[in-house]
Amino acid sequence: MLGLEYFSFRDLWSPVFLVFMLAVGVLYTFVAGPWRTNFKHSSPVTIGRQVVFLLGVALLYLAQGGPLSLLGHLMFTFHMTDMAISYFIVPPMLIYGIPDWLWKWAFDRSFWRPFRALMNPLIGLFLFNLLFSFYHMPNVHDWIMVHTTVHAAFYFVLFLAAMLNWWHVQCPVPEWARLTPLWRLGYIFGNSIVLTPACVLIIFASKPMFSVYSDPYVWAQAMRYCVSGDPARLLAEFKGGPAFFNLMSAQDDQQLGGILMKLLQEFINIGALFVVFNKWYRQDRERENENDWDESAGALLNRNNL
């Protein structure tokens, strides 16, 4: 199916990365559960939040180490799907799943003080979006994809930038929040705007931009990231390189990938806007109710005093 039958279990499932992500999930389960009492001011973590975190870990594994990762080297559409899952869906799930007391334990230390300037919302907004756009410049993308160590390092940095970006949308520690609800709405809208030029360039390009998905030799070099063995073997076994697996032309695949990325980003941003606005509305209503109660109680006390 989709050409995956041509690859080994190791190629498809990245066992080392699988073990690492399983370890992350198990460690989180113990920290949020029986080991919670070892942390200062800890409180129970709901089952819902734990499930969201573990689902986020599973999605990150599938996008960066599972079959979706391999498919992302065969078709640009799957590459952009991996990008959307890894950097737009997973980060808010992980941030939501980690309780505030664990964030405080990890980052409320003197060691992090020199890095606090990085928590400026403008850095969070532009760092990720500029890195993402820079990565999808044709020459940059092809160079990173064929240098496996740089590829892994860049994806790690991009993930950290995505976590920082989403931190300002749903800051899990209220006293550390830098944005009011109104500014959060503007921040989400800004995320959509800043990334648009890169998507537009990809969608409306008059020819294929990325050699990884059109040039068999470059493709074979890039495949070393997820497939062991000599690239020459891939060229001999799969004549045409990525065209062997792709039913679409390289340009159609590229346009579909750009459209999919933009649509997924917009749907996710709309969901984020809805969540932030609803939370803001509920908080306003609660404050109004508290004020009404205080005024009513004050009026009753005044009548009794009279």
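The values are calculated or read from the model by the stated rules, or taken from the named source; none is laboratory data. Please read all numbers here as calculations on a predicted model, not as lab measurements. For neighbour counting, all protein chains shown are included, and Cβ atoms are generated from backbone atoms with ideal geometry for every residue, glycine included.
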Check every one of the helices (runs of 4 or more DSSP H) wholly within the stretch 1-98 and list those with 3 or more residues that are surrounded by fewer than 16 Cβ atoms within 10 Å (Cβ to Cβ).
15-32, 47-64
Residues satisfying the stated conditions in the stretch 102-127, i.e. in contact (Cβ under 8 Å) with a residue 12 or more places away in the chain and either surrounded by fewer than 18 Cβ atoms within 10 Å (Cβ to Cβ) or touching a strand residue (DSSP E or B) at 6+ places or on another chain (Cβ under 9 Å) (or both):
TRP103, TRP105, LEU118, MET119, ASN120, ILE123, PHE126
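Just the residues that are out of contact with any helix residue (DSSP H, G or I) (no Cβ under 8 Å at 6 or more places or on another chain), of a type in the set (Gly, Ala, Ser) and either in a helix (DSSP H, G or I) or crowded, with 16+ Cβ neighbours inside 10 Å (or both), please, taken from the stretch 248-285. Give the derivation first.
Restricting attention to the stretch 248-285, the residues satisfying the condition of being out of contact with any helix residue (DSSP H, G or I) (no Cβ under 8 Å at 6 or more places or on another chain) are 249, 251-252, 263, 267, 270-271, 274-275, 278, 281-282, 284-285.
Next, from what is left, pick out any that are of a type in the set (Gly, Ala, Ser): 249, 271.
Once the filter is applied, which keeps residues that are out of contact with any helix residue (DSSP H, G or I) (no Cβ under 8 Å at 6 or more places or on another chain), of a type in the set (Gly, Ala, Ser) and either in a helix (DSSP H, G or I) or crowded, with 16+ Cβ neighbours inside 10 Å (or both), the stretch 248-285 yields only GLY271.
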Being at pLDDT 95 or above and touching a Gly at 6+ places or on another chain (Cβ under 6 Å) is the requirement here; does THR29 meet it?
no
In the list LEU301, LEU263, which residue meets the criterion of being modelled with pLDDT of 90 or more and of a type outside the set (Val, Ile, Thr)?
LEU263
Scan the stretch 51-59 and give yes if some residue there is modelled with pLDDT of 95 or more, more than 14 Å from the chain's Cα centre (by Cα) and either under 21 Å from MET261 (Cα atoms) or hydroxyl-bearing (Ser, Thr, Tyr) (or both), otherwise no.
no
Filter result for the condition that a residue is farther than 21 Å from ILE193 by Cα and without any contact (Cβ under 8 Å) to a residue 12 or more places away in the chain, over ALA153, ALA63:
ALA153
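Results for (1) over 30 Å from VAL275 (Cβ atoms); (2) among the hydroxyl-bearing types (Ser, Thr, Tyr); (3) not in a helix (DSSP H, G or I), shown as yes or no for each residue.
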{"site": "HIS151", "(1), (2), (3)": "yes, no, no"}
{"site": "PRO172", "(1), (2), (3)": "no, no, yes"}
{"site": "SER206", "(1), (2), (3)": "yes, yes, yes"}
{"site": "VAL218", "(1), (2), (3)": "yes, no, no"}
{"site": "ARG224", "(1), (2), (3)": "yes, no, no"}
In a helix (DSSP H, G or I), more than 28 Å from HIS136 (Cβ to Cβ) and charged (D, E, K, R) - does that describe any residue in the stretch 232-247?
yes
